[in-house]
Structure formats: structure tokens, C-alpha cells
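A.B. asks: Sharing a structure with you now.
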Amino acid sequence: MIGDANTPPPMQLPSKDDVVKKWYESRISMTEEYDTGAVVIKVDGIPIGTFGNFSASIGKAKSKKTFNVSAMTAAALSGKKVLTYEANLPEGKNKILYVDTEQSKAHCKKTLARILALANLPEGIDNEHLEFLSLRKYTPKERIEIIECALATTEGIGLVIIDGVRDLLFDINAPLEATQITSILMRWTDEYQIHIHTILHQNKGDENARGHIGTEINNKAETIIKVEKDKSDENISKVSAVLTRAQTFPTFAFRINDHILPELIEGYVSEPKKAGRPSKKEFDPYFDITQEQHEIPLKGYSRPCLTSSIMKTSRINLSKNFAPYLAASIRTRQQRKSLFSGTKEWLCRITGNSTDTIGEATATEPAYCFRLLYFIQGAYI
């Protein structure tokens, strides 16, 4: 029906002249000279970032990705070597836009102070060459609009850091959204002739960047850097090249010193990868049981109140199909208390139980049953 509120507006097709213009602009000629893009960031003298391209850091949670990118930013801000990063922002393109989508303003200020300290610049005043944005409270659409506005109105930006590119999307597993975001990143780098470095989490179960956005970034990025904890010492974070369009830089490592700053570990030698398949980690029900596995035995359950008796009933009913998982998930009383201490108040709110009831249940029931009951309550974490 014409004029129906539910009917989407007709698609606005570009004019023929617009398409022809874009077609001619896209042609590559052997008689033309094209700018390859000035090198912006290097690691040990090896280029990893140029104008007109974007790169990414990936890593598991708490692998010190932000500390690593702070060092990269400090190198660009100071023009000096920080860790093994070197940067060269030319005159007129020597401003940095740092966008944080995850942290509160107080924590963002700590990151800003860290960058200034690494660059040996005064921490008590703002630096005219660094603009730091905290976009945590905004929607993905608003974040994109704010970044676009900053790029369009701020002269001299050469480097953009987006700490939390995942937060520019509503759904990281939506192929359309992932393609749109990477297209926006590529448009920004081309139109403004800047380099963008993004940060993205890895999947819990493998080494891949998370979601469809991770796949798209892997396919389009100039360089992918991985930050991970050293297997022999969790206080050490090592940085290695995953994907590059040029020469691969040597792996390096850093630790956090007494001043809460990343400090290079001289002479670090990365443990060589073993031949063949990687050894399987010890089974952990909290991470290794999939959502689909959880949902199978819960079919037909209503939404009961979370009580110790229901948990025991669930444990008995589930034992036939999930005996191995239940056996592996039973932990000591203290381990269970530690595991669920941070969720006790939240569990009370969604279930209507008292803190005493929840406290008793977390101490006496297997962690596996708790995770199942998140599904029963429709609140999987």
C-alpha cells in the first residue's frame, strides 16, 4: 500500500554521472604514478603502518593490548623509539586521534597519562598533538558519527587509534555490519590520508579475531599484530606479526614495571612452535561447553526460581547426558566461592533469592549447574 508506515522508502540509486565518475576514478593506468603511502609506524625498522591503510592488534582479554598500543601511540607522539616502535608523522599530519570505546573516563585518563609518560612529555597538561575521546556511553552509530566529525573538523590528523573497533557494531557476527565497518575504515584512510590502528579481541577457543568483523579486518588490514601472554611467565606479554604485506618483524616482549608502564624485555627469545597439532588444554567446563550443549538438556524447562533444591534436581536430571562435564566441573568450596563472588548480587536480582541462599548454593553446587541455570533464567553470560 502506498504511504504505509511499514513500507520502506524506495532505494535512492546514484545518478549515471556519479557512477561514471567513480568508474573513471577507479581505473589503474600504467602511465600514471600512484602514491604508495608514507610509512607511519615501524617495528625494529620494519614498516607496519602507512598512510591510506589500516592495521590491527588482536589478543585475548587481559593480554595487555592497550599497554602495547599506548607504546605505539607514544612513539608517534614523541618521534622517539618506545619499546620497539618507531613512528614518523610528517609536519601537517602530526596529530593523533585516540578513541576508546570500552573504558570509563577515569580509566581513559590513566591511559592518556601512560602515553604521555612513555613519550616523556608533561602529564599535567593537555598535548595539542593528541586528542583522546571516551565513547563508552554512546551507541555504535553515534560513535561512528563522532569519529567522522573529529576527522572532518580537526586539521592535521595523521594517526587514529580505535581501542575497541568491535563497539562500532551492534552485532560482531553480522556479515553486513562487518563489511560496512571495514568499508568505513578504508574510506576514512583514503579520504583523509591517515593510518588507523584498531584493537580487537580474539576468540576464547582459538587464535582468530572475534566475529565476522575479525574476519573482515584480517582480510583487509595492512598488518595484524598479536599480543599474548608468555606461556612460561604470565607477567610477560609478547608481540608478534600475524599477517603483513611486507617483511615480518621479530617478536618482542614487555612487562609492566613498578610505574605501571610497559618495559621492553631485552634479548627475549620466543618459544618456538611445536610441530604438529597443538596440545589440547585441560578440559574446563566454564569455557569448553558450548551454548548448544547447554541448551539440549534444558528443553522443556520453564523459568524456575533459582534455589538449591532445583539445582540439585537439575544436577540429577542432567547427569545421564553430561556426567563427564559434571565430574570435571566440580570444584572445591573455595574455588566455587571465588568463581561466583562477583555475580552473587546479580543472581539475587534476577532470581529473587536472598544473598544467604545464593551464597549457600554457590558453595555447595557444581559450577556447571550454575552455568546451566543462567540459561534457564535466559541470561547466559
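A.B. asks: Can you name the residue in region 167-207 that is under 14 Å from the mean Cα position of the chain (by Cα) and at pLDDT below 90 and, of all such residues, is surrounded by the fewest Cβ atoms within 10 Å (Cβ to Cβ)?
C.D. replies: Filtering first and then ranking leaves Lys204.
A.B. asks: Tell me, which residue of region 29-50 that is within 35 Å of the chain's Cα centre (by Cα) and over 20 Å from Val69 (Cβ atoms) is modelled with the highest pLDDT?
C.D. replies: Here the residue is Ala38.
A.B. asks: For region 113-133, does any single residue satisfy the condition of being in contact (Cβ under 8 Å) with a residue 24 or more places away in the chain and closer than 18 Å to Leu185 by Cβ?
C.D. replies: yes
A.B. asks: Continuing with the same structure: Can you give me the ranges of the helices (runs of 4 or more DSSP H) entirely in region 65-158 with at least 3 residues that are assigned by TED's automatic domain parsing to the domain that holds His259 and touching a Ser or Thr at 6+ places or on another chain (Cβ under 8 Å)?
C.D. replies: Hits in region 65-158: 65-78, 105-118.
A.B. asks: In region 208-259, which residue that is basic (Lys, Arg) and over 17 Å from Lys42 (Cβ atoms) is surrounded by the fewest Cβ atoms within 10 Å (Cβ to Cβ)?
C.D. replies: Out of the qualifying residues, it is Lys231.
The values are calculated or read from the model by the stated rules, or taken from the named source; none is laboratory data. Keep in mind that this is a model prediction, so the values were computed, not measured. Neighbour counts are summed over all protein chains in view; Cβ atoms, including those assigned to glycine, are modelled from backbone coordinates with ideal geometry.
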